[in-house]
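In what follows, a single structure is set out as structure tokens and then discussed.
The values are calculated or read from the model by the stated rules, or taken from the named source; none is laboratory data. What you see is a predicted model; the values in this text were computed from it and never measured. As a convention, Cβ positions derive from the backbone with ideal geometry for all residues, glycine included, and neighbour counts pool all protein chains shown.
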Amino acid sequence: MALLEIEDLHTYLYTRWGTVKAVDGTSFSLERGKTLGLVGESGCGKSMTLLSILRLLPWPAGRIVSGRILFDGEDLVQKSEGELEKIRGKRIGMIPQDPYTSLNPVFNIEKQMTEPIQIHLGLKKRQVLKERVTEILRKVRIGDPEKRLECYPHQLSGGMRQRVVGGISISCNPDLIIADEPTTALDVSVQAQYINLIRDIQSTYNVALLYVSHDLSLIFRICDQVAVMYAGKIVEKGSVHEIFKETLHPYSRALVTSIPPVDCDIERLPSIPGQPPKLFALPQGCYFAPRCPHAMDKCRQAYPEEFFVSEGHSVSCWRYA
Amino acid sequence: MIRSITAIFSYLIRGGRGRSVPRFPPIIPAVIISITIICALFGKYIAPYDPEESDLINRLQPPVWHEEGDWSHPLGTDKLGRDMLSRIIIGSRVSLSVAVLALALGAFIGVSAALMAAYFRGWVENVIMRVVESLQPLPIIFIGMILAIVFGPSFWNVIIAMAFIVWARYCRSLRGEAVSIMERDFVLLAKVAGASSFRIMFRHLLPNIANTIMVLITLMVGWAILSEAVLSFLGAGIPPPTPSWGRMVSEGRDYVATRLWLSTVPGTAVVLVVLAFNMFGDWLRDRLDPKLRQM
Amino acid sequence: MMDNEAPIIKVSHLKKYFPITKGIFRRPVAYVKAVDDISFQIFQGRSLALAGESGCGKTTTARMLLLLENPTDGKITWEGRDITQLSAWHRRRYKQRTQAVFQDPSSSLNPRMRVKDIVSEPLIINMRISKKDAENRVSELLQNVGLRPEDANLFPHEFSGGQRQRIAIARALSANPKMIVLDEPVSSIDVSMRSGIMNLLKDLSEEFGISFLVIAHDFSTIRFMSHEIAIMYLGHIVEQAPSGILCTEPLHPYTQGLIASSIMTKPGAGFKIVLRGEVGSPLNPPPGCPFHPRCPAVFSDCREIAPHFKEVRPGHYVACHLYTGQDASRIDVVRQETILKLER
């Protein structure tokens, strides 16, 4: 039984311009201790998928219309707000976008790290809390953790702040960590450090990681499973090795090939024409068909179903029917 | 049932329905504002009597809803027997023209000052903002009274006094926005292209703060009408016999105990118009707020 | 580098220090050395990239070239003239010849102007041109960048991010520039539209002989867009070489770290080489080599003596003590040893 199982999720946004089908029949599952990368461009519905899982959709515009989000066998869609509060932050941790600005400068590290534990695990004794936090800091490889607890964020180096933020995300022993574009604003070397830290935490604690990004090359670095999303639907999913070696859907392939290689020369980049579709005016048939170099008549008539090319590697494209 | 009532209510007061930004202006304020503008423009033809002609026989007639009132003077007459309805209709002209002129003058100075402060920064901004801050605590009554004492009460005194306050408020509210627009890349690109400071201020900055200027103007019309009324009430405003709402309220003061309507009728006109402009301004602000619009 | 041709822009010993002032008399107490003695040249139709992490001074350098900032010291020469001393006429000509495209097209297009006014602004400012000619030029430019001439009457918000960047490019092209500064031209554009824009820029450069000064942090863009790459660190250029050589055989440990984090060999393995620590403060740069606190191959000289920027191989310049005094045959060995040290 998978830890997180999303079945035919539909999340719509009701706006002045009409109904936006932000998530339109998405299904995927994530096993315990595995990492899944959800990749797609801005407005493809990847962030809305995350917000649906956390049930933090913009109110009143966003609503889960149908589908199930099974987290450890329980349907999050049916939960009350009170029950969700016990899950968010405790069983589902979050990795913030910017590790540098997500610590509060007026509290010391001990206060910031113990707070979620106090709230979620109900531990009260300062000594117990302190031991637990020290243990976490040691696990994320911060030297001399007892001393660091007294420090304020500005007294720590950037790398240490990253580690503290990472430590907070796992402090309540979550089963699942969610990360939404955690490294986009960061410099290359800092990004590499942060990615390695996230990987480290994920494997040491054996938690599941749902990583959302527009950058396929980062997803390839960190994830076991990849799901490519386009206009609210998942167009291809599979293990990272399969998708890296054999990208099938024309859209995923465009994402891979549109990044020029660093280690060899290239004269021209393959590029796909057009713009991503507006979610309240979707084309008939396959949503990618108007931009697709291989589009056939069939593609313009019906949205392709999911075809399995091998176990665990599926693609929604008529070419693989 | 309750929902539909609140919906209708919100449509009348706030314009549109629901939580999102209403598309149509709120009906009641829009109607009040239109009536006021029509009265100001064509008051002469609408008013049933000459507002300055006294008729001592019919003095202090009560309005129509009073036991002794009748339809010949729907809102009654004042102590000189002048028709209150006509005076209010004609008075709207004074109220509006003072407001429009004072706001236009104040806006012109305030916007120019804000643009210069945002464009040049440094000491120019410091000087302008220190002046603005020092004007901040001065009440309109103070400036109006001083001008009235030195030059005697007049139409232009009221306008200058108001513009004095208005420009500082404009400058303070607009400078921040102008500074943030100065930091946008298109201003940088205009500089790269060699645009003159004049071009950057008027072609790039001004259109981008135009919405805020509009909203500020509508939100301050109410304040301007009220201030004119206050100054006229205190005798520092429009000199008699020109009818002005504030003066009418003050003239009714002597009869408050016995003939309340003399003060309340023009007072109600002030309140209604001020509220209408404020609500309209609120709607306009919601409507033109660029952050909401991008959604 | 080509010696037979004169560069269109020559930057020599350029410095920019921002004073940090204190007290009411604004007495400078310290200086942020944003750009500290850099030199480079840009040739006609050839593109140079300045790469490095935030705070390395690449944006400040670009701002000085665009006359948005005055250098503290050093010279930028254009057609034999120092650009800070230009007469009004030459200044206008320089502004016309030098344009820029910035990262975020939603911020670089005035939301209150129509596309035609945005695109023709550099023309209107710098050339005497009739309205009719300007309109013709705008529709020609819009077609050049892959938009429709009818789009001229629309406002920027009616376009997607990629199209907006094309508008920004059309604007930069309008006054027939010789050089365009591209500051992160694709990093805020959706991935599926990046390649189109990069192809477009490359085509335009070849077609009109425009040189680019590319500023970016992402090596795949840089390599594709430019002929030559200069790596900056804390206000210094630490390495410079033709892009093919720099990306495949980087010498400076910093460059090696950056390149390694841009190349992926095996999926799911994270980053094998990670630069430790973070960029130091330009307010208080470390003595000696600015990179030494993070360098895995640091030795005593690095902490005291600032390395010279030297040509170690034809066209390949580096400022690193590891390569000083090494003869050509040893350089490759040292390079590989350094990579091994980085992996640890």
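Quick look at the values:
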{"item": "Where a residue in the range A:293-310 is among the aliphatic types (A, V, I, L, M) and its partner, wherever it lies, is modelled with pLDDT of 90 or more, with Cβ under 7 Å and at least six apart", "result": "A:Ala295/A:Ala289; A:Met296/A:Trp318; A:Ala302/A:Gly285; A:Val309/A:Leu248; A:Val309/A:Val315"}
{"item": "Residue list for the range C:171-188, filter: within 20 Å of C:Phe159 (Cα to Cα), touching a residue at least 60 places away in the same chain (Cβ under 8 Å) and not small (Gly, Ala, Ser)", "result": "C:Arg171, C:Leu173, C:Glu184, C:Pro185"}
{"item": "Residue list for the range C:167-188, filter: farther than 18 Å from A:Pro261 by Cα and either in a helix (DSSP H, G or I) or within 12 Å of chain A (Cβ to nearest Cβ) (or both)", "result": "C:Ile167, C:Ala168, C:Ile169, C:Ala170, C:Arg171, C:Ala172, C:Leu173, C:Ser188"}
{"item": "The range C:228-262, subset touching a residue at least 24 places away in the same chain (Cβ under 8 Å), assigned to a loop (DSSP other than H, G, I, E, B) and within 11 Å of another protein chain (Cβ to nearest Cβ), residue surrounded by the fewest Cβ atoms within 10 Å (Cβ to Cβ)", "result": "C:Glu249"}
{"item": "Sole exception among (1) surrounded by fewer than 23 Cβ atoms within 10 Å (Cβ to Cβ); (2) in contact (Cβ under 8 Å) with a residue 12 or more places away in the chain; (3) farther than 20 Å from A:Glu41 by Cα for A:His214, by number", "result": "(3)"}
{"item": "Leading residue by the ranking (modelled with the highest pLDDT) among those in the range C:320-344 that are part of a loop (DSSP other than H, G, I, E, B) and over 17 Å from C:Ile259 (Cβ atoms)", "result": "C:Thr324"}
{"item": "Selection status of A:Tyr194, part of a strand (DSSP E or B), of a type in the set (Ser, Thr, Tyr) and in contact (Cβ under 8 Å) with a residue 12 or more places away in the chain", "result": "no"}
{"item": "Residue in the range C:52-75 that is part of a strand (DSSP E or B), touching a residue at least 40 places away in the same chain (Cβ under 8 Å), of a type in the set (Ser, Thr, Tyr) and more than 18 Å from C:Glu228 (Cα to Cα) present", "result": "no"}
{"item": "Residues satisfying the stated conditions in the range B:57-89, i.e. charged (D, E, K, R), in a loop (DSSP other than H, G, I, E, B) and in contact (Cβ under 8 Å) with a residue 24 or more places away in the chain", "result": "B:Asp78, B:Lys79, B:Arg82"}
{"item": "Residues located in the range C:76-105, provided they are part of a helix (DSSP H, G or I), facing chain B (nearest Cβ under 9 Å) and touching a residue at least 60 places away in the same chain (Cβ under 8 Å)", "result": "C:Gln96, C:Pro105"}
{"item": "Residue count, the range C:267-295 (criterion: facing chain A (nearest Cβ under 9 Å) and within 19 Å of C:Leu340 (Cβ to Cβ))", "result": "8"}
{"item": "Top-ranked residue of the range C:16-55 - restricted to ones that are crowded, with 18+ Cβ neighbours inside 10 Å and of a type in the set (Lys, Arg), ranked as farthest from the chain's Cα centre (by Cα)", "result": "C:Lys33"}
{"item": "Filtered residue count, the range A:143-165, keeping only those that are closer than 19 Å to A:Asp98 by Cα and either in a loop (DSSP other than H, G, I, E, B) or not charged (D, E, K, R) (or both)", "result": "12"}
{"item": "Single residue of the range B:192-211 satisfying the filter (free of Cβ contacts under 8 Å to residues at least 40 places away in the same chain, closer than 17 Å to C:Met113 by Cα and crowded, with 18+ Cβ neighbours inside 10 Å) that is farthest from the other protein chains (Cβ to nearest Cβ)", "result": "B:Arg203"}
